[in-house]
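S.K.: Have a look at this one before I ask anything.
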Amino acid sequence: MRIHALLLALALPVLPGCVLDFDFDEWDTAGSGESLVVDDAYVEGDLGDVQGVSSEARVASAHESYGYVNIELRAEGRNWAVMHMLDLETDELQVGDRYDSQDPSTPYVGLLGCSGPEDNQWEFDRSADRVVVEIEEGSTPDKLRVQYRAEYSTYDGETQYASGSLEIERF
């Protein structure tokens, strides 16, 4: 149902994203989306009290629906966990594409960052103040490398930086 996707897209910016934590695979989009093949994911940087992350990440979900790509990465260590949820307005990624949330001439891009002592116990839950995404050639001809970096304001008003990368099969 197209109206459900539209309502979700409108509601996400005003709701704390990490607390939603729902499974897109179980959400009925009436056949509107497709799962994406993502691998070789990596996250690093600082989010709230979780600092100095440099870790491989698991792909929790990756979908394309109604011209939007949503990829959720999670990483965990001893007494810490982080989640990055990347959203791009596009129906096709191409080498050389660059998205910048502060450039009004580029399509929508957003990154939700969450961190806490363990997965699903988020103490930091923020959308990035700025996100830059760049698309490059992947490790094989059927893949693209997605690199992103983000700036976050902490609850104390300081700036933190987080980044990540992944490979995605062309779609």
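Derivation of every value follows stated rules applied to the coordinates shown; laboratory data play no part. Given the structure is predicted, the values throughout are model-derived calculations rather than measurements. Cβ coordinates were reconstructed from backbone atoms using ideal geometry, including for glycine residues, and neighbour counts include every protein chain displayed.
S.K.: Per the Cauchy relation, a quarter of the hull surface: what is the mean projected area of the convex hull of the alpha carbons in segment 77-127, in nm²?
M.R.: Values: hull surface 19.0 nm².
Taking the Cα atoms of segment 77-127, their convex hull projects to 4.7 nm² on average.
S.K.: Among residues other than GLY164 whose Cβ falls under 9 Å from its Cβ, what is the net charge (Lys/Arg +1, Asp/Glu -1)?
M.R.: Numbers: positive: ARG149; negative: GLU44.
Every neighbour counted, the sum reads 0.
S.K.: So for the pair THR159, THR106, with labels modelled 7 Å out along Cα→Cβ, what separation do we get in nm?
M.R.: About 1.6 nm separates the two model spin labels.
S.K.: In terms of the Cα gyration tensor, with a ≥ b ≥ c the square roots of its eigenvalues, is segment 101-171 rounded because a/c is under 1.5, prolate because a/b exceeds b/c, or oblate?
M.R.: On the way: a/c = 2.81, a/b = 1.56, b/c = 1.80.
Oblate, since a/c reaches 1.5 and b/c is not below a/b.
S.K.: Then there's this: Amide H neighbours of TYR108 under 5 Å, at least 5 residues apart or on other chains, H built in the peptide plane: list them.
M.R.: It is GLU89, by chain and number.
S.K.: Can you list residues from other chains, or at least 5 along the same chain, whose modelled amide H is less than 5 Å from the amide H of ARG130?
M.R.: Answer set, sorted by chain and number: GLU151.
S.K.: Amide H of PHE171 versus every other amide H placed in the peptide plane: which residues, excluding those fewer than 5 positions away on the same chain, fall under 5 Å?
M.R.: Close amide H contacts, sequence-distant or interchain: LEU93.
S.K.: List, in order, the whole-Hz ³J(HN,Hα) value for each residue of segment 152-161 obtained from phi through the Karplus relation with A = 6.51, B = -1.76, C = 1.60 and θ = phi - 60°; use x for Gly and Pro.
M.R.: 10, 8, 7, 5, 8, x, 8, 9, 10, 10
S.K.: Quick check on the exposure proxy: order HIS84, HIS63 from fewest to most C-beta atoms within 10 angstrom. All intermediate terms of the calculation are to be shown ahead of the outcome.
M.R.: On the way: HIS84 27, HIS63 18.
Fewest-to-most ranking of HIS84, HIS63: HIS63, HIS84.
S.K.: Okay, moving on. Determine ³J(HN,Hα), in whole Hz, for all residues of segment 57-70 in sequence, where each value follows from phi through the Karplus function 6.51 cos²θ - 1.76 cosθ + 1.60 and θ = phi - 60°; x replaces Gly and Pro.
M.R.: After applying 6.51 cos²θ - 1.76 cosθ + 1.60, I find 10, 8, 8, 7, 6, 7, 9, 10, 7, 6, x, 10, 10, 10 Hz.
S.K.: Tell me the net charge near GLN102. Cut-off is 13 Å between Cβ atoms, GLN102 excluded, with +1 for each Lys or Arg and -1 for each Asp or Glu.
M.R.: On the way: positive: ARG98, ARG130, ARG149; negative: ASP100, ASP103, ASP129, GLU151.
Here the charged neighbours net out to -1.
S.K.: How far apart, in nm, are two points set 7 Å out from the Cα along the Cα-to-Cβ line at GLU92 and at ASP49?
M.R.: Each label point lies 7 Å from its Cα, and together they span 4.7 nm.
S.K.: Of LEU36, LEU73, how do they rank once you tally other Cβ atoms within 10 Å and put the fewest first?
M.R.: Details: LEU36 18, LEU73 24.
Ascending Cβ contact count within 10 Å gives the list LEU36, LEU73.
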